[in-house]
Amino acid sequence: MDADKLAELFRQYGDDVFRLAYSCLGSRADAEDVCQGVFLKLAEGRAALLPGKEKSWLLTCTANACKSLLRSFWRRNVGELDENLPFREETDREVWEAVMALPPKYRAVVHLYYWEGYAQGEIGEILHISRTAVQTRMQRARAMLKKELSDDDGKGLPAHDGAGCAGRYQKGGNHGYAGE
């Protein structure tokens, strides 16, 4: 892949790749490594992108890289660093911490649905799971978040319409946390 095309893809989708990796891994350093690895794979020509499917491929590749990293021996045997992100509002911090406390498979579907704006069928394709598995994970994640945030009035994930279309955070923003 030529450098101009790669730079354009990074400008368009680099933040999306990073946010998904960060959401899955909970570590800024690991997310940066995964993001770099995904784009390095493209730069080395180890992957061919179909026109119009670039973002889907990048997010699928990111999800797979995150799964591999989470399964790695090194990752299982290393402690996590405390990464305090600055938030504009305390409620944003509490919601973020509750989402990050979810198991990785639930964090991934929540991130792809609410922050990236994918429908449940598309999430299934990206994560290589069935739509039913996505729905189950979403229900379980919401129940865990509701339980965690139930003491906090008005906090939690935005309303949804079940199809991945309404009430999500605005795509492309920093969603309450600075530095991204």
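Read-outs: derived from the displayed coordinates by stated rules, not from any lab. Please read these numbers as outputs of a predicted model, since none were measured by experiment. Don't worry about glycine lacking a Cβ; one is built from the backbone with ideal geometry, like all the others, and counts go over all protein chains shown.
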Legend entry - Any helices (runs of 4 or more DSSP H) falling wholly within the stretch 102-154 and containing at least 1 residues that are β-branched (Val, Ile, Thr), more than 20 Å from Asp16 (Cα to Cα) and without any contact (Cβ under 8 Å) to a residue 60 or more places away in the chain: 131-149
Legend entry - Residues (more than 14 Å from Pro103 (Cβ to Cβ) and crowded, with 16+ Cβ neighbours inside 10 Å) located in the stretch 136-152: Leu149
